[in-house]
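Take a look at the structure set out below.
The values are calculated or read from the model by the stated rules, or taken from the named source; none is laboratory data. From a predicted model like this one, the values you see are computed outputs, not experimental measurements. Here the Cβ is made from the backbone with ideal geometry for all residues, glycine too, and neighbour counts use every protein chain on show.
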Amino acid sequence: MQNVMNPVGGDNFQEKGDKRMRLSLGPHHPSTHGVLQVIVDLEGETVVRCDPVPGYLHRGTEKLAENKYYTQIIPLTDRLDYLSPFNNNLSYTMAVEKLVGIEVPERAQWIRLILSELQRIASHLIWFGTHVMDIGAITPFLWAARDRETIMDIFEMCSGARLTLSYTRIGGLMSDVPPGFNEKVHEFTELFHKALKDYNKVVSKNPIFMSRTQGVGVITAEQAIQYGLTGPSLRGSGVEWDLRKHEPYMYYDQLDFEIPLGSTGDSYDRYLVRMEEMEQSNRIIQQALAKLPSKGPVKADDPKIVLPPKELSMSRAEEMQRHFYQVIHGFPAPVGECYFGLEGPKGELGFYIISDGSPRPYRLKIRAPSYVNLQALPLMTEGRMIADVITCIGTIDIVLGEVDR
Amino acid sequence: MKESLQVVAQKLQEKFGGNILGITEFRDEVTVRVKKTIWFEVHQFLRDDPDCAFNMMIDETAADYPLRDERFDVISHLLSLSKRHRFRVKASTSEKIPSLCPVWKTANWLERETYDMFGIIYEGHPDLRRILMAENWEGFPLRKDYPTEGYDI
Amino acid sequence: MFSLALFDVVNATEARVNAPEEPVIWFLQTFVTLFIIMNVVMVIMAYQTWAERKVMALAQQRFGPMRTGPIGLLQPIADAVKLLNKEYIVPRDADKTLFFFAPIIAFIPALAAFAVIPWGDATGEGLFGGWIRPIIANLNMGILYLLALSSIGVYGIVMSGYTSGNKYATLGSIRSSAQVVSYELTMGLGLMGTLIMAGSLNLNDVVIAQQNTMWYIIPQFFGFIVYAISGIAETNRNPFDLPEAESELVAGYHLEYGAMHFGMVYLGEYINMNVIAATVATLYLGGWAAPASFLEFIPGPIWLFLKFAFFLFIYYWIRVTLPRFRYDQLMGFCWKVLFPIALANVAITAVFKYLGITFGWWG
């Protein structure tokens, strides 16, 4: 029986009597950001071979999705990248909306945009806290957590849950945002602008931090494209590709923001790219708040797909029947297939749906950016020291929920 | 269909002729179905040809149609960073298909996952072993005849 | 017979004692002093855990221990009770005897180093007519004794890692021992400046010399920096705590210890910090001497405590702010940066002393 430490297909050097040591940075580890196992072969302090073993958090989301209606899959998507659940909801919902061919009203799209950018900031804050904590400075993690609390409060205000929102529905949002939303988001953007300055002061120019991250985990632009990296990992290597600018969706083409690019592709560049992205997201939110229409429907007008409003379904028979029918039987999607990818905080988060005309997807494939980005880990760590393995895992920003699905 | 994609479709027809089984378009996305004998060459062509220039592979996956002769459909999604267009290539197979690892390194783990979930053997893959399920698992979960509740081990 | 033999030993090491007629009484007085000073030191060590958690928490904008007692003051006691109640587990591959003794060997030398720190003027008589003396052992070679004990502490680290029978622990102890041995060298060199200026290895003489001229932190600023940084590295504290880095080797060399053994290793680290802090306070900040003569109504021990608490605060402050050095950067820093500075400091101080250059009341 093969086991992880001596896999069939990997080389089995222990029979040759090598001086190498095979270490399992096992699934229980404070720094592998979830249950990731990384098997490293060490010669002294140098990593000779690095083999990440994902799969400890595999929950069979794609299989489960084949048995659920399109709306029932939304809570499953929350739990993929659990540090940015709104983006998962959004990507899936937009894929289904593209398949079904439905138009989402303006106010709903602006609210989705604002929440998506807030979620990007929240995800990057956790990345920042944990990455810097792995390198040794323990304080910024708690400051980042404090700022994230404000974002969580905003989410709780909208959807009732801090983390697993399930706030989007096919055709719009679950419900409109409560009054006070604009003020709270505005307050956050002001606060966050000052907080980012603090973080940059404490960490970005710290000589120990710089010497730990500069030159570590270098990925050149050609390698990044070959390995299919997307998101800040790709932009850190100098490749200019951001879906919000180059394949715009929602209203990103009406907003003014910049895409930070790195030059050398090392960890420090990726760090700077993400810090600057947080600043740009803040800017986007401020512009979007100004453009948000103050009134309007948040669900599309399609009676086959969207549930009727609660006041009507509780009082009129026709709407109640429709509500029952849609919940119990779902809505049929046209035959065909559709892929939609959006720029999540970790890269291109895509959903590929094959539909055969029934209310359930025939095949749902989740293109998880962390899964594809994690392939680059051996490239970054082989030949370097073991302390750098942790830095490299932190710098590609993986979330195991996404890697394993 | 976008103009650049029309050019791609045309070039594919010219180069591969009868091995192209169909080009369809749905919701502004172009899918080409090919025979699995030219699976590798098509992808190489799509990467290297200057009008296509698909330098990044976004996804490689499969779908199971158990009532068909060749039950699996292998699907790959491609993206061109310079021309900003996307493409989808499909082929059907009953068990084996050539691996795309020499063309894009992304294919490595994506094919491992497809092997793990469906049992499709990729010929020429450097390290084909299970990735998400346990190493000694029997059965291929995403096939349609595998129950959703799974098996007790 | 025994007491006479002890008296001879004491004389042979040239301890300056205040002419006891009765060696037995002298011995009993030393014992009482030892009891009191060691208890004070151990309580300070226990409350250091509380102080550190509070300082770190306030830097991180939270409160730290608040529930155990008023503002968390009973937290160290709660921790001690918890550790005492845990099960002592020995791993299967461990060497049982050495595994048991290793943390003890890490802990005792640090505690023993407090024997030579003066809490008040050692030439005086002390309280209650000599029953509580200001120093346990007024050795003429005080500083040499301190450095020797810290070298013995390395054995504790090496043994605890190696005998744990665990790859991670072995890796951690190898790194740690190399680090500690290198930084001990720079520590000793950093100290030498003050010794040259004071002209004696006896800690009390150094304090009196500082009282006469000025606190040695000012003329020996570079020596202070070298000694302070080496002290942080000696005690395996952040930013030099790679051997026990939680996020990398999961607590490194003391990984396998449970219960009170872990307590001993953990508290041993704090005692080591106390020794470094007390040495800094004595050699660079003037020890028990008040900064100005009008403040002399505050007794010596309080001054020493304030100075070393200040240095401990700097330890916590550095821990909470800075990230960690990677191992090769750590060793490079010692040998390529601190070592030349320390040597230069010693050379220049020696030259000035030889030429008798005194800058007015510097000396």
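Data overview
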{"quantity": "Members of region B:6-33 found to be in contact (Cβ under 8 Å) with a residue 24 or more places away in the chain and either farther than 18 Å from residue A:352 by Cβ or among the basic types (Lys, Arg) (or both), listed by number", "calculated": "B:7, B:8, B:11, B:12, B:15, B:16, B:33"}
{"quantity": "Strands (runs of 3 or more DSSP E) wholly inside region A:1-68 that include at least 3 residues being at pLDDT below 85 and not charged (D, E, K, R)", "calculated": "A:21-25"}
{"quantity": "Unique residue being of a type in the set (Gly, Ala, Ser) and under 20 Å from residue C:227 (Cα atoms) when the list is C:332, C:300", "calculated": "C:332"}
{"quantity": "Residue that is β-branched (Val, Ile, Thr), surrounded by fewer than 24 Cβ atoms within 10 Å (Cβ to Cβ) and at the interface with chain B (Cβ under 10 Å from one of its Cβ atoms), where the choices are A:354, A:386", "calculated": "A:354"}
{"quantity": "Matching option when the condition is acidic (Asp, Glu) and within 11 Å of another protein chain (Cβ to nearest Cβ), among B:116, B:49, B:145", "calculated": "B:116"}
{"quantity": "Output for region A:203-220, where each listed residue is assigned to a helix (DSSP H, G or I) and buried (at least 18 other Cβ atoms within 10 Å of the Cβ)", "calculated": "A:203, A:208, A:209, A:212, A:213"}
{"quantity": "All positions within region A:234-270 that are within 14 Å of chain B (Cβ to nearest Cβ) and farther than 30 Å from residue A:104 by Cβ", "calculated": "A:237, A:238, A:239, A:261"}
{"quantity": "Subset of region B:52-70 that is more than 11 Å from chain A (Cβ to nearest Cβ) and out of contact with any strand residue (DSSP E or B) (no Cβ under 6 Å at 6 or more places or on another chain) - its residue that is surrounded by the most Cβ atoms within 10 Å (Cβ to Cβ)", "calculated": "B:52"}
{"quantity": "Residue in region B:89-107 that is surrounded by fewer than 21 Cβ atoms within 10 Å (Cβ to Cβ), among the β-branched types (Val, Ile, Thr) and touching an Asp or Glu at 6+ places or on another chain (Cβ under 6 Å) present", "calculated": "yes"}
{"quantity": "Some residue of region C:351-358 being part of a helix (DSSP H, G or I), within 14 Å of chain A (Cβ to nearest Cβ), at pLDDT 80 or above and over 30 Å from residue C:164 (Cα atoms)", "calculated": "no"}
{"quantity": "Residue in region C:106-124 that is part of a helix (DSSP H, G or I) and over 17 Å from the mean Cα position of the chain (by Cα) present", "calculated": "no"}
{"quantity": "Count of region B:93-113 residues which are more than 10 Å from every other protein chain (Cβ to nearest Cβ), farther than 15 Å from residue B:140 by Cα and within 11 Å of the chain's Cα centre (by Cα)", "calculated": "5"}
{"quantity": "Subset of region A:255-295 [within 16 Å of residue A:115 (Cβ to Cβ) and part of a loop (DSSP other than H, G, I, E, B)]", "calculated": "A:255, A:292, A:293"}
{"quantity": "Failed item in (1) of a type in the set (A, V, I, L, M, F, W, C); (2) more than 20 Å from residue A:375 (Cβ to Cβ); (3) not in a helix (DSSP H, G or I), with residue A:241 passing the rest", "calculated": "(2)"}
{"quantity": "Selection status of residue A:335, aliphatic (A, V, I, L, M) and farther than 30 Å from residue B:72 by Cβ", "calculated": "no"}
{"quantity": "Unmet criterion (only one of (1) of a type outside the set (A, V, I, L, M, F, W, C); (2) under 26 Å from residue A:367 (Cβ atoms); (3) in contact (Cβ under 8 Å) with a residue 12 or more places away in the chain; (4) not in a loop (DSSP other than H, G, I, E, B)) for residue A:228", "calculated": "(4)"}
{"quantity": "Count of residues meeting criterion [surrounded by 16 or more Cβ atoms within 10 Å (Cβ to Cβ) and under 30 Å from residue A:397 (Cβ atoms)] in region A:291-350", "calculated": "15"}
{"quantity": "Filter pass, residue C:170 being surrounded by 24 or more Cβ atoms within 10 Å (Cβ to Cβ), over 18 Å from residue C:232 (Cα atoms) and of a type outside the set (A, V, I, L, M, F, W, C)", "calculated": "no"}
{"quantity": "Residue, nearest to the other protein chains (Cβ to nearest Cβ), within region C:43-67, restricted to residues that are of a type in the set (Val, Ile, Thr) and surrounded by 15 or more Cβ atoms within 10 Å (Cβ to Cβ)", "calculated": "C:55"}
{"quantity": "So residue A:380, is it within 14 Å of chain B (Cβ to nearest Cβ), crowded, with 17+ Cβ neighbours inside 10 Å and either modelled with pLDDT under 90 or in contact with a His (Cβ under 6 Å, 6 or more places away or on another chain) (or both)", "calculated": "yes"}
{"quantity": "Residue check, residue B:28 surrounded by fewer than 18 Cβ atoms within 10 Å (Cβ to Cβ) and more than 13 Å from chain A (Cβ to nearest Cβ)", "calculated": "no"}
{"quantity": "Members of region A:135-175 found to be more than 14 Å from every other protein chain (Cβ to nearest Cβ), in contact with a helix residue (DSSP H, G or I) (Cβ under 8 Å, 6 or more places away or on another chain) and not in a loop (DSSP other than H, G, I, E, B), listed by number", "calculated": "A:151, A:152, A:153, A:154, A:155, A:157, A:158, A:168, A:169, A:172, A:173"}
{"quantity": "Residue list for region B:96-118, restricted to those being touching a Cys at 6+ places or on another chain (Cβ under 8 Å) and in contact (Cβ under 8 Å) with a residue 40 or more places away in the chain", "calculated": "B:107, B:111"}
{"quantity": "Subset of region B:119-136 [within 11 Å of chain A (Cβ to nearest Cβ) and either β-branched (Val, Ile, Thr) or within 29 Å of residue A:229 (Cβ to Cβ) (or both)]", "calculated": "B:125, B:126, B:127, B:128, B:129, B:130, B:131, B:132, B:133, B:134, B:135"}
{"quantity": "Options C:347, C:292, C:277; residue that is crowded, with 23+ Cβ neighbours inside 10 Å, of a type outside the set (D, E, K, R) and out of contact with any Asp or Glu (no Cβ under 8 Å at 6 or more places or on another chain)", "calculated": "C:277"}
{"quantity": "Given (1) of a type in the set (Gly, Ala, Ser); (2) away from chain B (no Cβ under 12 Å); (3) more than 18 Å from the chain's Cα centre (by Cα), index of the condition residue A:231 fails", "calculated": "(3)"}
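Every residue, every condition in (1) more than 10 Å from chain B (Cβ to nearest Cβ); (2) buried (at least 21 other Cβ atoms within 10 Å of the Cβ); (3) polar (S, T, N, Q), yes or no:
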{"residue": "A:35", "(1), (2), (3)": "yes, no, no"}
{"residue": "A:42", "(1), (2), (3)": "yes, no, no"}
{"residue": "A:56", "(1), (2), (3)": "no, no, no"}
{"residue": "A:60", "(1), (2), (3)": "no, no, no"}
{"residue": "A:72", "(1), (2), (3)": "yes, no, yes"}
{"residue": "A:75", "(1), (2), (3)": "yes, no, no"}
{"residue": "A:81", "(1), (2), (3)": "yes, yes, no"}
{"residue": "A:86", "(1), (2), (3)": "yes, yes, no"}
{"residue": "A:93", "(1), (2), (3)": "yes, yes, yes"}
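Okay, residues lined up against (1) of a type outside the set (Gly, Ala, Ser); (2) under 28 Å from residue A:34 (Cβ atoms):
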{"residue": "A:119", "(1), (2)": "yes, yes"}
{"residue": "A:132", "(1), (2)": "yes, yes"}
{"residue": "A:140", "(1), (2)": "yes, yes"}
{"residue": "A:149", "(1), (2)": "yes, yes"}
{"residue": "A:159", "(1), (2)": "no, yes"}
{"residue": "A:171", "(1), (2)": "no, no"}
{"residue": "A:181", "(1), (2)": "yes, no"}
{"residue": "A:200", "(1), (2)": "yes, yes"}
